[in-house]
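**Q** Before I ask anything, here is the structure I am working with.
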Amino acid sequence: MLNQFAHAFVALALTFSAAIAQTTSSPLQPGPHDGLFLIVTDIHFDPFAKPDLVPKLDQSPVSEWAAIFREGAGNDFQGYGDDAGYPLMASALQAAAAQKFDYDYVLYTGDYLSHGFNDDYKRFAGSKPLGITSFSIKTTQFVSRLLNETFGDIPVLGVMGNTDSACGDYQIAPDSDYLVGLSDQWARLSDQPERFTQFRAGGYYKVAHPTLANQDIIVLNNIFWTPRYSDDCNSDGGDPGTAMMSWLDHQLNETKQAGRKAQILMHVPPGMNAYSSSNRKGACDQRLSPFWQDQYANGFVGLMRKYAGLVDYTFSGHTHMDSFAIIKDASGAPLVASQITPAVSPIFGNNPAFAVFLYDRRNGELKDSETFYLTNLPDTKTGAKPNWQTEYTYRATYAIPDLTAKSRSSAAKRIKNDPGLRAKFTELYAVSTQSSNPITASNWQAYSCAQTEVEPAAYQTCYCDEK
């Protein structure tokens, strides 16, 4: 039975669902051994979109937030350049539910909190604030609860993003009150609370796959591995990046010894930041911008090769765009497919989106995916009902048999060499936006190389030397 929180959410969400397209003939038709799962990422929920609600939210338990938004959030969507307020977030989740797919589980690959969260709290919390730690925990819990309630209490596996911290962007602290405040809820939403013994220490954990009897899901807090990470709020935090790398090695070995396989969830994808690499000033080799520090990038690729065949897929978000990367073995053959799912937040000019994946319940192979997007975000600013539609399906668009590393590698080669397919990838990269696509005729190779070369030296050869 829906609790009071869920009733309040459903009542408000009905306001935004009138123009949601329901899928009746989706190409994602599961066979007898197939399942479906949903990925939502980078909502960057902005509870400050209606500043007058913030003091009441701050003073209220998270169980009352849905009712507060129902009474005062209004129907206004944030537009390009903004994060997602309540109306947009509710609309996206209801659109995913309206497709009538029978999801096995939900993955949320990070960034629950809006950009500038701490500064906005200071501006709008009122004269008697309870504190940024309390408010950041409740905001993250609220998004997590919506993910759980909307899809009927199926497992929800969450990931720490760079904005997800009470300290500040890229400043999540090990053993922090923020992690403690999420631990019990996330453990419960995973349906495997006994697997969360490590979570409070660093925000990472391993669970058994919800449906695959012989696979695990390893969830990383790889903000620790990024060049921008700093531990300003916990000077005694040690070296959490190295600690997590050692933990990952141990978990992979444990999975291997048990005769199992694993999938890996993270927020920041492996490889190279094509946007930064193509927009910085200076010589090409001096502009290269890896997503992770070299020691962790090398360490992770080394583990994928050390345990070759154990991990077929990683899932991430962070860029807000729609792409992928291929991790290769030492001989250059495709080894791991890294899925990068586009965001709900339109702050970087992308259209809001989410993705559904069809997979084989016997071996975990990804067979296909369907991406849905909000087609009329600008029109919602003038009162139009949100219109969520299928943007594309993967197999049909890229003419590949599945979403394995081998097939994605084949698609990457065709994107590089086929101008028509490259134009299609460019369109889909920013989720069919009409004005803010970062890929141009002069920099497309930076994005093409990022798909196939996750190691800096190989990327330099691909992007700089062959330019």
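The values are calculated or read from the model by the stated rules, or taken from the named source; none is laboratory data. Just so you know, these numbers come straight off a predicted model, no measurement behind them. Glycine also receives a Cβ, built like all others from the backbone with ideal geometry; neighbour counts cover every protein chain displayed. For the accessible areas, the whole protein counts, side chains as well, though only heavy atoms, and no ligand, DNA or RNA atoms are used. Shrake-Rupley method; radii C 1.70, N 1.55, O 1.52, S 1.80 Å.
**Q** Do we find a residue being free of Cβ contacts under 8 Å to residues at least 12 places away in the same chain, open to solvent by 10 Å² or more (accessible area, probe 1.4 Å) and among the charged types (D, E, K, R) anywhere in region 65-88?
**A** Checking region 65-88: at least one residue is free of Cβ contacts under 8 Å to residues at least 12 places away in the same chain, open to solvent by 10 Å² or more (accessible area, probe 1.4 Å) and among the charged types (D, E, K, R).
**Q** Given the options 264, 217, name the one that is without any contact (Cβ under 8 Å) to a residue 60 or more places away in the chain and either open to solvent by 10 Å² or more (accessible area, probe 1.4 Å) or outside any helix (DSSP H, G or I) (or both).
**A** 264
**Q** Please indicate, with yes or no, whether at least one residue in region 332-343 is in contact with a strand residue (DSSP E or B) (Cβ under 9 Å, 6 or more places away or on another chain), part of a loop (DSSP other than H, G, I, E, B), open to solvent by 20 Å² or more (accessible area, probe 1.4 Å) and hydrophobic (A, V, I, L, M, F, W, C).
**A** no
**Q** While we're on this one: Just checking, how many residues over region 141-164 are assigned to a loop (DSSP other than H, G, I, E, B) and not small (Gly, Ala, Ser)?
**A** 9
**Q** Would you point out which residue out of 247, 292 is open to solvent by less than 60 Å² (accessible area, probe 1.4 Å), part of a loop (DSSP other than H, G, I, E, B) and modelled with pLDDT of 95 or more?
**A** When all the criteria are applied, what remains is 292.
**Q** Can you name the condition, by its number, that residue 235 falls short on among (1) among the small types (Gly, Ala, Ser); (2) modelled with pLDDT under 95; (3) open to solvent by less than 30 Å² (accessible area, probe 1.4 Å)?
**A** The number of the failed condition is (3).
**Q** Let me ask something additional. Out of all the residues in region 346-366, which are part of a strand (DSSP E or B) and within 27 Å of residue 86 (Cβ to Cβ)?
**A** Correct list: 353, 354, 355, 356, 357.
**Q** Pairs only if they're at least six apart or on different chains, beta carbon under 9 angstrom, first in region 111-126 and at positive phi and touching a residue at least 40 places away in the same chain (Cβ under 8 Å), second among the small types (Gly, Ala, Ser) and not in a helix (DSSP H, G or I); list them, first residue then second.
**A** Going by the 9 Å Cβ cut-off, the qualifying pairs are 111/161; 111/317; 111/343; 111/345.
**Q** Of the residues 400, 347, which is of a type in the set (Val, Ile, Thr) and under 25 Å from residue 110 (Cβ atoms)?
**A** None of the others qualify; the one that does is 347.
**Q** Same structure, new question: Given the options 287, 305, 280, name the one that is open to solvent by less than 30 Å² (accessible area, probe 1.4 Å) and of a type in the set (D, E, K, R).
**A** Answer to the check: 287.
**Q** Scanning region 122-140 for residues that are more than 24 Å from the chain's Cα centre (by Cα) and in a helix (DSSP H, G or I), which turns out nearest to residue 165 (Cα to Cα)?
**A** Looking at residues that are more than 24 Å from the chain's Cα centre (by Cα) and in a helix (DSSP H, G or I), I get 122.
**Q** Quick check on my filter: what residues within region 28-48 are crowded, with 23+ Cβ neighbours inside 10 Å and more than 18 Å from residue 148 (Cα to Cα)?
**A** 46, 47
**Q** For residue 140, are the conditions met, namely being open to solvent by 40 Å² or more (accessible area, probe 1.4 Å), touching an Asp or Glu at 6+ places or on another chain (Cβ under 7 Å) and within 24 Å of residue 190 (Cβ to Cβ)?
**A** No, not satisfied.
**Q** Another question, if that's okay. Would you be able to tell me the number of residues in region 228-244 that are among the small types (Gly, Ala, Ser), assigned to a loop (DSSP other than H, G, I, E, B) and either touching a residue at least 24 places away in the same chain (Cβ under 8 Å) or touching an Asp or Glu at 6+ places or on another chain (Cβ under 7 Å) (or both)?
**A** So the count comes out to 3.
**Q** Quick check on my filter: what residues within region 393-433 are open to solvent by 10 Å² or more (accessible area, probe 1.4 Å), under 20 Å from the mean Cα position of the chain (by Cα) and on the phi > 0 side of the Ramachandran plot?
**A** 432
**Q** Between a residue in region 174-188 that is in contact (Cβ under 8 Å) with a residue 60 or more places away in the chain and open to solvent by less than 20 Å² (accessible area, probe 1.4 Å) and any residue that is part of a helix (DSSP H, G or I) and of a type in the set (A, V, I, L, M), which pairs come within a Cβ distance under 9 Å, given they are 6 or more apart or on different chains?
**A** These pairs meet every condition: 174/201; 174/243.
**Q** Let me ask something else about it. Evaluate region 67-87: report whether one residue or more is modelled with pLDDT of 95 or more, over 14 Å from residue 346 (Cα atoms) and in a loop (DSSP other than H, G, I, E, B).
**A** Checked region 67-87: no residue is modelled with pLDDT of 95 or more, over 14 Å from residue 346 (Cα atoms) and in a loop (DSSP other than H, G, I, E, B).
**Q** Looking only at region 434-467, filter to residues that are open to solvent by 40 Å² or more (accessible area, probe 1.4 Å) and among the acidic types (Asp, Glu); which one of those is farthest from residue 375 (Cα to Cα)?
**A** If we take residues in region 434-467 being open to solvent by 40 Å² or more (accessible area, probe 1.4 Å) and among the acidic types (Asp, Glu), then 465 is farthest from residue 375 (Cα to Cα).
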